[in-house]
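Everything below concerns the one structure shown next.
Nothing in this text is a laboratory measurement; each read-out follows from the coordinates by a stated rule. Because the structure is a prediction, the values reported are computed rather than measured. FYI the Cβ positions are ideal-geometry reconstructions off the backbone, even for glycines, and counts take in every protein chain you see.
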Amino acid sequence: MKRNLLSITELEREEIEKLIFDTKILKRRQKTNIPYRPLKGKVMGLLFEKPSTRTRISFEAGMQQLGGSSIFMSPKELQLGRGETLEDTAKVLSRYLDIMVLRVYRHETLEIFAEHSDIPVINGLSDLLHPCQILADIFTIYERLGRYEDFKIVFVGDGNNVANSWINLATKLNFELTISCPEGYEPHPEILKKAQDKGAKVKVSHNPYEDVKGADVIYTDVWCSMGQEEEKEKRKRDFQNFQVNSKLMKNCESAFFMHCLPAHRGEEVTDEVIDGPNSLVWDEAENRLHTQKAIVLHLLNINP
């Protein structure tokens, strides 16, 4: 049966654990130059409405490393730009390709495409969720802490798609998550309520200097995401006390720092933090590559 990854909630706990260990195997193989080409003859389509660095390059490089190939598309380059429906596009691409990655403005676009696709569909980012990022993040934490549970992470900033996916992961694994955000910038209320109803250790707070105490990981993201450019100045004012800087990090001196990138240095994070000794940002970015490979193999029912 076809499997998609539009949300972490579609994965069982055991599948997440397997993805973590498969990522470890795939990363080790890549570092030791052990050839592994299970996707020979397989083709991935990437349909992106938004710009991308890590998501696009990690998927394209990952497909090539696994012996497959990829085709990058933007809506303007397809008949989508001239009025062909998303449903028809999904049906046609399913006849040509083996797996799809979509990066879209509206999460509903993903849902419609997946409903009419006969091949697996991966959420490469939507306005609601960013599951691939969080799966790479939990692997990065496992790599550094030696565990993927029993830790405290504080997300400082906007309750956006990345924060929503962290909340979803907290319903599957046992860790403590605090979303520390300005009032009015809380994560999606339905996602939060569902997680709390399931007993996830998730809370929302508005006092970052108190919230970060005892944290193992401090996480942030940009204050103004793609599509929110008109709100930029207002957001800068509203988030000014939520910058991750050396003063904030002193309240949790042993904590690691993570950021999904791109970073707006001098806004949500300062140079001394992102470039500091406790920053996992570059490992986190690299691990997108290995995690994406694990996700693709999982959805294509290939065991590494």
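Expressed as a whole number of Å, what is the distance separating the alpha-carbon centroids of the stretch 115-194 and the stretch 238-303? When both Cα centres are located, 13 Å separates them. Backbone phi angles across the stretch 235-244, fed through the Karplus curve with coefficients 6.51, -1.76 and 1.60 (θ = phi - 60°), yield HN-Hα couplings of 5, 4, 5, 5, 9, 4, 8, 10, 6, 8 Hz in residue order; Gly and Pro are listed as x.
Shape analysis of the chain yields a ratio of the Cα radius of gyration to the Kirkwood radius, Rg/Rh, of 0.96. P(r) tail for the stretch 133-282, what percent of Cα pairs lie past 18 Å? So the pairs more than 18 Å apart make up 53 percent of the total in the stretch 133-282. Taking Thr140, Thr32, Thr23 as the candidate residues, the one with maximal mean-square fluctuation in a Gaussian network model of the chain, Cα springs under 10 Å, is Thr32.
The H on the amide N of Ser180, modeled in the peptide plane, is under 5 Å from the matching H of Phe155, Val156, Gly157, Ser205, each at least 5 residues off or on a different chain. Using C-alpha pairs below 8 Å separated by at least 6 residues, the relative contact order for the chain is 19 percent. Rounded to the nearest 500, the 222 nm mean residue ellipticity of the chain from helices alone is -12000 deg cm²/dmol, with -39,500 (n - 2.57) taken per DSSP H run of at least 4 residues.
What is the dipole size for the stretch 133-282, taken about its Cα centre, with +1 at each Lys and Arg Cβ and -1 at each Asp and Glu Cβ, in debye to the nearest 20?
Value, rounded to 20: 340 debye.
Largest mean-square fluctuation among Gly199, Gly81, Gly68, in a Gaussian network model of the chain whose springs join Cα atoms under 10 Å apart, belongs to Gly81. Sequentially through the stretch 60-74, phi angles give Karplus couplings (6.51, -1.76, 1.60; θ = phi - 60°) of 5, 5, x, 4, 5, 5, 8, x, x, 9, 9, 10, 9, 9, 10 Hz, Gly and Pro residues having no value and appearing as x. Need one word for the stretch 44-83: rounded, prolate or oblate. Basis is the Cα gyration tensor (sqrt eigenvalues a ≥ b ≥ c); a/c below 1.5 gives rounded, then a/b vs b/c decides. Here the stretch 44-83 falls in the oblate category.
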